[in-house]
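The values are calculated or read from the model by the stated rules, or taken from the named source; none is laboratory data. It should be emphasised that the depicted structure is a prediction, and the values quoted were computed from it without experimental measurement. Don't worry about glycine lacking a Cβ; one is built from the backbone with ideal geometry, like all the others, and counts go over all protein chains shown.
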Amino acid sequence: MIPGADEILARYPFKRSAMMPLLHAVQERDGYVTEAGMEEVAEHIGLTPAEVLGVCSFYSMFKRSPQGKLLVSVCTSVSCMVNGGEELLAALRTRYADDPDVTVEEVECLAADDGAPVMQVNYEFHERLTPESAGQIIEDYKAGRLTPRGPSGALA
C-alpha cells in the first residue's frame, strides 16, 4: 500500500496526473523506486509498469537502486564546471566509494550558479565548495552535527 495514495489521487482530476507524487511516496517508503513500487503506481493510475518506468527513468530525482543515507548531488554544469565542480565530484566519489552510507551522484544545474561549485546533501544546498570543505560537510552530516532532510523536505 502506497502511503497516502488515496489522498494523492483525490487531488487530481485525471489519475495519471498523480504519477509523480505517487512515485515520490514509493521512494520515501522504500528508499528508492522498486519494480514492485512502479507496478503499484501503475495499478493505481491505470497505466502499464513500462509507462511508469518511462517517467521514473526520465527524472533524475527518482532513484531506482538503493541509496546511502546521505545523497550527495554534485553539479557539473558550466558554472560549476569552470569553478571546480568536476574536481569536486571526482574527489567525493573517490573518498566515499566504499561508504555505504553516502551516495555521490553527478547532476545537472542546481540553479545556484552564483555559488559554484555547488552540491546538495539530501536536497540541502551547499555552495562555494572545495573538496576539503565538501568532505567536512558530509562528515558533519554523518556525525549528526548537521541534520539532513529527505526528498519531501521532512527531517530524515
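Residues that are over 14 Å from the mean Cα position of the chain (by Cα) and buried (at least 21 other Cβ atoms within 10 Å of the Cβ) within the range 20-39 comprise L22, G37, M38, listed in sequence order.
Taking the condition in contact with a strand residue (DSSP E or B) (Cβ under 9 Å, 6 or more places away or on another chain), more than 17 Å from E127 (Cα to Cα) and buried (at least 17 other Cβ atoms within 10 Å of the Cβ), does K69 pass? It is false that K69 is in contact with a strand residue (DSSP E or B) (Cβ under 9 Å, 6 or more places away or on another chain), more than 17 Å from E127 (Cα to Cα) and buried (at least 17 other Cβ atoms within 10 Å of the Cβ). Does L47 satisfy being modelled with pLDDT of 95 or more, more than 30 Å from G135 (Cα to Cα), in a loop (DSSP other than H, G, I, E, B) and out of contact with any His (no Cβ under 7 Å at 6 or more places or on another chain)? In short, yes.
A42 - would you say it is in a helix (DSSP H, G or I), exposed (fewer than 15 other Cβ atoms within 10 Å of the Cβ) and not assigned by TED's automatic domain parsing to the domain that holds P117? For A42, the condition - in a helix (DSSP H, G or I), exposed (fewer than 15 other Cβ atoms within 10 Å of the Cβ) and not assigned by TED's automatic domain parsing to the domain that holds P117 - is not met. For the range 90-122, a residue qualifies if it is over 12 Å from I138 (Cα atoms), within 16 Å of the chain's Cα centre (by Cα) and aliphatic (A, V, I, L, M), and the qualifying residues are V107, L110, A111, V118.
In the range 89-113, which residue that is among the hydrophobic types (A, V, I, L, M, F, W, C) and part of a loop (DSSP other than H, G, I, E, B) is nearest to K69 (Cα to Cα)? Give the steps one after another, and end with the answer.
Of all residues in the range 89-113, those among the hydrophobic types (A, V, I, L, M, F, W, C) come to 89-92, 97, 102, 104, 107, 109-112.
From what is left, the residues that are part of a loop (DSSP other than H, G, I, E, B) are 97, 109-112.
Numbers: A97: 14, C109: 23, L110: 20, A111: 24, A112: 24 Å.
Among them, the one singled out is A97.
I'd like to check something: does the range 89-109 contain any residue that is outside the structural domain of L129 (by TED's automatic domain parsing) and of a type in the set (D, E)? Taking every residue of the range 89-109 in turn, none turns out to be outside the structural domain of L129 (by TED's automatic domain parsing) and of a type in the set (D, E).
Report whether or not L110 is touching a helix residue (DSSP H, G or I) at 6+ places or on another chain (Cβ under 9 Å) and either among the aliphatic types (A, V, I, L, M) or crowded, with 17+ Cβ neighbours inside 10 Å (or both).
yes
Tell me which residues, restricted to the range 89-103, are closer than 15 Å to T130 by Cα and among the β-branched types (V, I, T). If the condition is that a residue be closer than 15 Å to T130 by Cα and among the β-branched types (V, I, T), then T94 is the only one that fits. Screening M1, M61, M81 for residues that are of a type outside the set (V, I, T), touching a residue at least 60 places away in the same chain (Cβ under 8 Å) and either in contact with an Asp or Glu (Cβ under 8 Å, 6 or more places away or on another chain) or surrounded by fewer than 18 Cβ atoms within 10 Å (Cβ to Cβ) (or both) leaves exactly one candidate, M61. Among the residues of the range 114-141, just one is part of a loop (DSSP other than H, G, I, E, B), of a type in the set (V, I, T) and surrounded by 14 or more Cβ atoms within 10 Å (Cβ to Cβ), namely V118.
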